[in-house]
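What follows is a set of notes on a single structure, which appears directly below.
Derivation of every value follows stated rules applied to the coordinates shown; laboratory data play no part. Not measured: the values here are computed from a predicted model. Every residue, glycine as well, gets a Cβ built from its backbone with ideal geometry; the counts of neighbours run over all protein chains shown.
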Amino acid sequence: MASEFKKKLFWRAVVAEFLAMTLFVFISIGSALGFHYPIKSNQTTGAVQDNVKVSLAFGLSIATMAQSVGHISGAHLNPAVTLGLLLSCQISVLRAIMYIIAQCVGAIVATAILSGITSSLPDNSLGLNALAPGVNSGQGLGIEIIGTLQLVLCVLATTDRRRRDLGGSGPLAIGFSVALGHLLAIDYTGCGINPARSFGSSVITHNFQDHWIFWVGPFIGAALAVLIYDFILAPRSSDLTDRVKVWTSGQVEEYDLDADDINSRDQDFPITHSLEVTKEVKERDPPC
């Protein structure tokens with residue numbers, strides 16, 4: 001961990017997570033708050049929020065940020081994604097901790113800026129996630145688990161270095177997954193599936209009611225996605241020593257992902273969203 005901590009590339013990646021998270025939260029939550037503003041020639045006061053618009057804003061902003069900083073940090077932009085890739089042995093524990101801190105701080109900064117911009121709005125929730133009327137804690141937890149599971153499963157499959165069948169844009173595929181999660185969950189929980197995004201709104205509004213759901217649900221969903229993908233759908237052959245090595249040093253290129261594909265470590269990463277692009281940028285310069 002000490003060697004990784006001293007590298008400039010590591011700190012650039014942490015800064016990239018912070019900046020990208022700030023932009024993502026500002027754009028996505030800003031789009032959700034925008035429907036409150038009336039337009040002179042087309043009064044929209046009292047209008048129902050357009051869930052499709054908000055879902056697309058979240059999804060496209062993630063895709064844009066992933067394309068922008070994916071080659072620097074991997075563009076996790078979500079503690080649940082970071083946890084999933086940690087459990088999947090693709091990043092070190094130190095990187096995971098620093099990423100999550102950067103993501104939470106970025107979400108707080110973005111929400112604070114939005115608070116100033118939208119200060120004239122009455123009862124401004126700043127995108128606070130909350131259970132809808134008639135939805136209890138268990139039901140909300142289930143929605144968050146399923147919404148996050150499909151997202152992290154998409155990330156794991158899209159960034160799998162062993163695959164040779166990938167085509168199109170990886171960041172866009174992940175962005176669509178985020179949009180899909182919001183289309184599902186907005187009406188039930190406001191759609192968390194991203195603990196840092198939920199945390200920013202709770203901190204600025206000083207409202208932590210049922211906030212645990214938006215951490216526990218996504219983390220359970222991420223862990224289930226890793227279990228399903230890494231141990232059932234596409235098993236990875238590795239022993240405890242290999243895993244500990246990755247968690248402590250982050251040397252993904254030295255981690256044998258699959259005994260049946262021993263040359264996978266010598267191939268370029270197919271997706272910019274891959275977690276360890278920053279470690280290999282000098283040797284490989286992987287494509288965006």
Note to self: Using the basic label-point model (7 angstrom from Cα toward the beta carbon), what is the Ile228 to Ala112 distance in nanometres?
What the structure shows: 3.8
Margin query: Show me the trypsin sites (Lys or Arg not before Pro) within segment 131-201 that DSSP assigns to loop and that have at most 10 other Cβ atoms within 10 Å of their Cβ.
Written below: Arg164
Margin query: Using all alpha carbons of segment 95-160, what is the percent of pairwise distances in each 5 Å bin, ordered from the shortest bin to the longest?
Written below: 3, 12, 12, 14, 20, 20, 13, 4, 1, 0
